[in-house]
Amino acid sequence: MALDPGGRPRRAGRAVSGEEILVGYDGSPDAERALDWALDEAGRGGRPVRLAYVFEWLTVAGWIGPGVAPGVWPDEEARRQVEELVSRAARDAGAAHPDLTVTGVVLDGPPALVLQEASVDAGLLVLGTRGHGGFGELLAGSTAVTVTAHAHCPVVVVRAGATERRAGPVVVGVDGSECSLLALGFAYEQAAARGVPLRVVRAWQPPSGGWTPPAAQSDGDAARAELDEPLARWRETFPGVELSVEVAVGSASSLLVEASRDAGLVVVGTRGRGGLRGMLLGSVSQQLLHHAHCPVAVVRER
């Protein structure tokens, strides 16, 4: 059931596809951080925000949310309390941001699959790193990989303990692959909207050993040159964005985690090549989701 900020069933038309910011919400502290991030993002363009609580009946015997009593399946009272939780959160967010449209919805089913389906009509999906109830251990295992790898829109993960640096640069990992170029476009748009610099990071690995032959050095130059054409296109679109490009020796995960220390957002694609190969299937994604010092955006082709 969709709820408006006043807690009534929503009867107005839906937001235009691709505009809405969808927030995975369950009332936990991390969900509140994700909501705050989403509201700040929405405020830059007046985009509507929708809170989505995924109600998985078989998990409601545990902690559900603030003020929500535990129950057993099926428990209509627990669902009513969840609807009140979401309605109150949407109402409070709308009151704090009167220029934005904030609504809430309670959905049924497995969280990863439901969020993936709900993302079809969203422009952005925002999640916290840990939740309760339907979002329990959201980023502890395969659920996070599923959501970030298969959502139909970019996903932003707001990590617990990450420092808010709204004036920090946007950092993007680029390796020349199609997905990383999509991430570059998203990162450019974010930097322009925030009025902050954009930092492009390209990782490459020379041959093993202490000596780097001239051929390997030229490979590094080629890696930088590979970025010239896509960067030139985006420079024309966003000429006011201050740009820096770093081609560095090292693993993509370590370079991006380090770059995140001073960043406001780190952006990556779902699949890459070279240093970004298997972005969401191996160590790089796990390192970013667990160790980045700022929110992480994962971009994939719709």
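Data for the structure
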{"quantity": "So VAL145, is it modelled with pLDDT of 70 or more and not hydroxyl-bearing (Ser, Thr, Tyr)", "calculated": "no"}
{"quantity": "Residue count for the stretch 87-120, restricted to those that are modelled with pLDDT of 95 or more, part of a helix (DSSP H, G or I) and touching a Ser or Thr at 6+ places or on another chain (Cβ under 9 Å)", "calculated": "2"}
{"quantity": "Filter result (of a type in the set (Val, Ile, Thr), out of contact with any helix residue (DSSP H, G or I) (no Cβ under 7 Å at 6 or more places or on another chain) and either within 16 Å of GLU20 (Cβ to Cβ) or not assigned by TED's automatic domain parsing to the domain that holds PHE55 (or both)) within the stretch 72-104", "calculated": "VAL86, THR101"}
{"quantity": "Any hit, the stretch 56-67, residues being modelled with pLDDT of 90 or more and in contact with a strand residue (DSSP E or B) (Cβ under 8 Å, 6 or more places away or on another chain)", "calculated": "no"}
{"quantity": "The stretch 161-183 - residue that is surrounded by 24 or more Cβ atoms within 10 Å (Cβ to Cβ) and in a helix (DSSP H, G or I) and, of those, modelled with the highest pLDDT", "calculated": "ALA183"}
{"quantity": "Single condition ALA225 does not satisfy, out of (1) surrounded by 13 or more Cβ atoms within 10 Å (Cβ to Cβ); (2) modelled with pLDDT under 95; (3) hydrophobic (A, V, I, L, M, F, W, C)", "calculated": "(1)"}
{"quantity": "The stretch 14-36, subset farther than 16 Å from VAL82 by Cβ and either in contact with a Cys (Cβ under 6 Å, 6 or more places away or on another chain) or crowded, with 22+ Cβ neighbours inside 10 Å (or both), residue modelled with the lowest pLDDT", "calculated": "ASP30"}
{"quantity": "Filter result (surrounded by 12 or more Cβ atoms within 10 Å (Cβ to Cβ) and modelled with pLDDT under 55) within the stretch 70-84", "calculated": "PRO70, GLY71"}
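The values are calculated or read from the model by the stated rules, or taken from the named source; none is laboratory data. These numbers were taken from a predicted model, which means no experiment stands behind them. Here the Cβ is made from the backbone with ideal geometry for all residues, glycine too, and neighbour counts use every protein chain on show.
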